[in-house]
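Okay, structure first, notes after.
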Number of protein chains: 2
Amino acid sequence: MEKETTIYDIARLLNLSPATVSRALNDHPAINSNTKQLISNKALEMGYRSNTFASNLRRQQTKTIGVIVPRLDSSFMSTVLSGMEKVANEANYNLIISQSLESSRKEMANAKTMFNSRVDGLLVSLAADTDNLEHFSTFFRKGIPMILFDRVMPQKNCTNIVIDNLKAGYEATAHLLGQGCRRIMHVTGSVKRNVYADRLKGYKMALLEHGLPVEDELIRLTDFTRQDGLDVADEIARMPSPPDGLFVASDLCAASCMGGLRKNGFSIPKDIAVVGFNDDPIAQLVEPNLTTIHYPGQEMGEIAAQSLINHLNGLLRISTTNTILLNYELIVRESSRRV
Amino acid sequence: MEKETTIYDIARLLNLSPATVSRALNDHPAINSNTKQLISNKALEMGYRSNTFASNLRRQQTKTIGVIVPRLDSSFMSTVLSGMEKVANEANYNLIISQSLESSRKEMANAKTMFNSRVDGLLVSLAADTDNLEHFSTFFRKGIPMILFDRVMPQKNCTNIVIDNLKAGYEATAHLLGQGCRRIMHVTGSVKRNVYADRLKGYKMALLEHGLPVEDELIRLTDFTRQDGLDVADEIARMPSPPDGLFVASDLCAASCMGGLRKNGFSIPKDIAVVGFNDDPIAQLVEPNLTTIHYPGQEMGEIAAQSLINHLNGLLRISTTNTILLNYELIVRESSRRV
């Protein structure tokens, strides 16, 4: 194994004291700039690595933040990660990422790895089937801060960062009602997750407020795959009394469903008006362009990372904020515009 | 600062020797299972963290792999990352990720951070304007392995993982020629990057082979944004003799260009046949479905991570393989099917 270059090696080669080398590398004003240049060139040449790693160990800090997400290959999650990386990078933190692949069992294993890697804090969005936060209890007991984002669960001393999914679900449905729809189908995901449970509640609220019945037949729980979208379209085509409005809690699935509906002879928005969720790039690329809820993924990532780093730096304790709500926006496009 | 729980603390509380505790936690056969259970429960209760971190430091390993990509919020890159995470996680490596945002300056800063974080190895896809690999020289001199993927550059002892972009560009263009197109436009990105330069070469080769001229007017260098796609469509509409075929080296940009062409009254594929690149989910969601080159992102991520880990474990030296070529596939859909 190659030996690590130390400041003592540099000092010996340059006939300087180790103190001078150390000061020069830390840009101390007492060292003149020629000497600094000489020392820094030699350090580079010898492959010297700053001792951040060891000194972080002494301070019991690793300057790393662990991130656990359901899936990395998701358009929404990639914008969240991009926001987190931007903030973490500027604050000299490293991001360690892992994915649960929607499995609570893998999420537990990931949490354990993060714990043993001694991350300074955690940013987590929960897997589809996670029932409780017991697997994070080692973090809570040690006082290692954790922030939940998007797919959250109430937990003492642990901030949740979300949008108001209930209100967003309500607005999406109310928009369809405003376009004259009277029989609205809702396609959603695992109702164990707040995001889907709340959007469903909002959908029901809007119907009830307009004196319309909530029909089980019109609520579909799916995994939001492309195939799920096509299957829903085929189901709709077989219904004796098909819906005239469709609210899908995912743009990708809404887009594939639209394709399936068209193949089944439905005209959008005339026969059936469609609203998605997230405002993924796809929303502006399908024809007709998809009405959707703009979900601020980049901002969510930035705020989650910044809140955690502020907490770590003692600038703002996350235990004092229970929930951070971000703004969302209903964006009306051609897929639902009927009046 | 809270004191870290050690095996000595656990031993004292249980009236056992530190050696017994250490052996139990490492699942040594000499310790009976009841004792192991007792010790492991106590360790959990006291928030004991395995000393992976410190022992990795002693071994000069961090069990982390650094990943630098141009952008995190890209459909293609998110599938690559998903593949890397899968393999790294199974091999007990952590992934530290950062993005250059297509800037060579930020890529340099990221490289420095990764170096000081003492990653065991690097997986890199280059920024749009990176001219050389000088900023990775500290890694090369220290023998820290690096693998370049997708956007690569030849470098001694450094494996490149790519698809044959020249051949793929040739096939995309030859397919359009086979559909009767005789005036084919190519929309691409920074030709500093192998992926775009090679696809352009393939495009030219196919034209020359069919006795057709290569016209500068028909080659556009863009950033592949949605707006770029719309701009290209408007330009085409203004041309006295518009192209009858279009090969765009990015699906997202191809999809937005198709939307713009339709708004300008072009029928696809009748007036102009379109081929994209990557096989992003969008390709099967736009109408007409987009013909494209299927790029195996998940597999590229898995192979890059596995090759690096094999090298780190002494199973396969990456210096012996210069380039790993992955298979791609031309997938013909409605956007180009004319015969």
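Points to keep in mind about this one:
- Sum of side-chain charges, B:Leu44 neighbourhood, beta-carbon under 11 Å (Lys, Arg +1; Asp, Glu -1): +3
- Rounded to the nearest 0.05, the FRET efficiency derived from the C-beta distance between B:Leu208 and B:Leu13 at R0 = 60 Å is 0.15.
- Distances from A:Asn41 to itself in the other copies, using label points 7 Å out along the Cα-Cβ axis, amount to 6.6 nm in increasing order.
- DSSP-defined beta bridges in the protein assembly as shown - what % are antiparallel, rounded to 5: 15 percent
- For chain A, adding -39500 (n - 2.57) for each run of n ≥ 4 DSSP H residues and dividing by the number of residues yields -13000 deg cm²/dmol at 222 nm.
- Position A:Lys270: other-copy label points at 1.9 nm, ordered by increasing distance, label point 7 Å along Cα→C-beta.
- Distance violations [Cα-Cα > 27 Å] among A:Lys86/A:Lys204; A:Lys3/A:Lys42; A:Lys142/B:Lys63; B:Lys156/B:Lys204: A:Lys86/A:Lys204; B:Lys156/B:Lys204
- For the pair B:Lys263 and B:Asn157, a Förster radius of 51 Å applied to the C-beta separation gives a FRET efficiency near 0.50, rounded to the nearest 0.05.
- Positive minus negative residues near B:Pro296 (Lys, Arg vs Asp, Glu; Cβ under 10 Å): -4
- A point 7 Å from Cα along Cα→Cβ stands in for A:Arg12, and the other copies hold the same point at 3.9 nm, listed in rising order.
- For the range A:159-253, the set of trypsin sites (Lys or Arg not before Pro) satisfying both a DSSP loop assignment and a count of at most 14 other C-beta atoms within 10 Å is given as A:Arg182.
- If R0 is taken as 41 Å, the Cβ-Cβ distance between B:Met46 and A:His28 corresponds to a FRET efficiency of 0.50.
- For the range B:7-50, fraction of C-alpha pairs farther apart than 12 Å, in %: 51 percent
- Counting DSSP beta bridges with both ends in chain B, the antiparallel % (nearest 5): 10 percent
- Charge tally around A:Val214: other residues with Cβ under 15 Å, Lys/Arg +1 each, Asp/Glu -1 each, net +2.
- Segment A:Arg338-A:Glu215, extension gain: residue separation times 0.36 nm, minus the distance between their alpha carbons: 41.9 nm
- Where chain A is carried onto chain B by rotation, the Cβ closest to that axis, with its residue and distance in Å, is A:Ser78, 2.
- Fluctuation leader among B:Glu235, B:Glu90, B:Glu45 - chain B, Gaussian network, Cα springs under 10 angstrom: B:Glu45
All of the numbers you see were taken from the coordinates with simple rules; none came from a lab. Predicted, not measured: the structure shown is a model, and the values here were computed from it. Cβ coordinates were reconstructed from backbone atoms using ideal geometry, including for glycine residues, and neighbour counts include every protein chain displayed.
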